[in-house]
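The values are calculated or read from the model by the stated rules, or taken from the named source; none is laboratory data. Every value quoted in this text rests on a predicted model; they were computed, and no experiment measured them. Counting neighbours? That spans all protein chains shown, and the Cβs are built from the backbone with ideal geometry, glycine included.
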Ligand code: PMV
């Protein structure tokens, strides 16, 4: 390891939060103020290779073929630094990452990116971290990345320390054929980073109410997943997304992530649901809308969405597996 290049490659899926993480209790370690629940997205992935190379003078990072510098490189480097400290080495690394979906558009590329990086970097140094340790490591890169380590439907327990704040799977992907039709209305980079949003959340009068009620929403969401109960899930998922966006809008300064077409889709989904179609929306920190529905109606839902004005693309995704090493699963 001291004289040879050591390399590993891993893939991880992004996830959609059904109950959202918004606001940190510790912003350095990304310890959240409330727990969250998500689903991994099978058709989307980040593939990351990490090579620790004694002949490199400093860390390097390329994303989709482009050299990254500044804060993007710093975030990757500080996760690598944690791995180096755990492994007791000082060698720099070269990181090459590819997303098969648009970066920075509300489809959480940082979640799959830091999950794949944590697995590849730790394996390349010879560390054999368990799921919990990997989840904690990924969390330090981007909070929601701790959920992309695990398979299927995943809960992140907030905890109040580095040791206690990690995610675990509550149901495997095959448990429920829940489909996320991701409606892209814009592929631009989002105007405000989620790190800024987490910091500003506490300036909203509504944040304390949102956080105080989180255990109740988490319980309803967990039970809806266990019972594959779409109606119960739809109500709590839309409520939770609306609460987070209410906090964003009432932060100081106010954060508005929606485009006019975002609202068109929200209204269409609400009217379809009212008319009896099992469907609901949830929106992360971006203008794109995640439209959830049971698998048996996903064809119809995707077709209806494509007819709406301003829709650039609809990506149909299903529950996905855990982060994986290129030549074997995380836990063989
Ligand atoms: O992990 P971050 O810092 O990119 O924050 C993610 C925030 C949301 O996507 C809006 C919610 C979530 O729980 O994923």
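Residue-wise test of (1) part of a loop (DSSP other than H, G, I, E, B); (2) within 16 Å of the ligand (Cβ to nearest atom); (3) out of contact with any strand residue (DSSP E or B) (no Cβ under 9 Å at 6 or more places or on another chain).
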| position | (1), (2), (3) |
| --- | --- |
| 40 | no, yes, no |
| 57 | yes, no, yes |
| 79 | no, yes, yes |
| 101 | yes, yes, no |
| 111 | no, yes, no |
| 114 | no, yes, no |
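For segment 285-310: of the residues being out of contact with any strand residue (DSSP E or B) (no Cβ under 6 Å at 6 or more places or on another chain), modelled with pLDDT of 95 or more and surrounded by 16 or more Cβ atoms within 10 Å (Cβ to Cβ), which is nearest to residue 262 (Cα to Cα)? Reasoning before the result, please.
At the first step, the residues of segment 285-310 found to be out of contact with any strand residue (DSSP E or B) (no Cβ under 6 Å at 6 or more places or on another chain) are 285-287, 294, 296-297, 299-300, 303-304, 307-310.
From what's left, modelled with pLDDT of 95 or more: 294, 296-297, 299-300, 303-304, 307-308.
Subsequent filtering for residues that are surrounded by 16 or more Cβ atoms within 10 Å (Cβ to Cβ) retains 294, 297, 304, 308.
Values: 294: 22, 297: 21, 304: 15, 308: 11 Å.
So, considering only residues that are out of contact with any strand residue (DSSP E or B) (no Cβ under 6 Å at 6 or more places or on another chain), modelled with pLDDT of 95 or more and surrounded by 16 or more Cβ atoms within 10 Å (Cβ to Cβ), the one nearest to residue 262 (Cα to Cα) is 308.
How many residues, within segment 90-99, are assigned to a loop (DSSP other than H, G, I, E, B) and in contact with a strand residue (DSSP E or B) (Cβ under 7 Å, 6 or more places away or on another chain)?
1
Being touching a helix residue (DSSP H, G or I) at 6+ places or on another chain (Cβ under 7 Å) and over 21 Å from residue 289 (Cβ atoms), is that true of even one residue in segment 209-222?
Initially, segment 209-222 is screened for residues touching a helix residue (DSSP H, G or I) at 6+ places or on another chain (Cβ under 7 Å), giving 210, 217, 220-221.
Of the ones still in play, those that are also over 21 Å from residue 289 (Cβ atoms) are 220.
Looking through segment 209-222, at least one residue is touching a helix residue (DSSP H, G or I) at 6+ places or on another chain (Cβ under 7 Å) and over 21 Å from residue 289 (Cβ atoms).
Determine which member of the set 249, 239, 243, 218 is under 23 Å from residue 23 (Cβ atoms), touching a strand residue (DSSP E or B) at 6+ places or on another chain (Cβ under 7 Å) and within 16 Å of the ligand (Cβ to nearest atom). Full working, then the answer.
Values: 249 fails: touching a strand residue (DSSP E or B) at 6+ places or on another chain (Cβ under 7 Å); 239 fails: touching a strand residue (DSSP E or B) at 6+ places or on another chain (Cβ under 7 Å); 243 fails: touching a strand residue (DSSP E or B) at 6+ places or on another chain (Cβ under 7 Å).
Matching residue, one of 249, 239, 243, 218: 218.
Pick out the one residue from 105, 109 that is at pLDDT below 95, within 22 Å of residue 298 (Cβ to Cβ) and either in contact with a helix residue (DSSP H, G or I) (Cβ under 8 Å, 6 or more places away or on another chain) or crowded, with 21+ Cβ neighbours inside 10 Å (or both).
Sole residue among the options that is at pLDDT below 95, within 22 Å of residue 298 (Cβ to Cβ) and either in contact with a helix residue (DSSP H, G or I) (Cβ under 8 Å, 6 or more places away or on another chain) or crowded, with 21+ Cβ neighbours inside 10 Å (or both): 105.
Of all residues being touching a strand residue (DSSP E or B) at 6+ places or on another chain (Cβ under 9 Å) and in a loop (DSSP other than H, G, I, E, B) in segment 116-150, which is nearest to residue 183 (Cα to Cα)? Just the residue, please.
It comes out as 144.
Looking only at segment 1-28, filter to residues that are away from the ligand (no atom under 12 Å from the Cβ) and over 23 Å from residue 324 (Cα atoms); which one of those is surrounded by the most Cβ atoms within 10 Å (Cβ to Cβ)?
25
Do you know which residues across segment 188-210 are surrounded by 14 or more Cβ atoms within 10 Å (Cβ to Cβ) and not in a helix (DSSP H, G or I)?
Correct list: 190, 192, 193, 204, 206.
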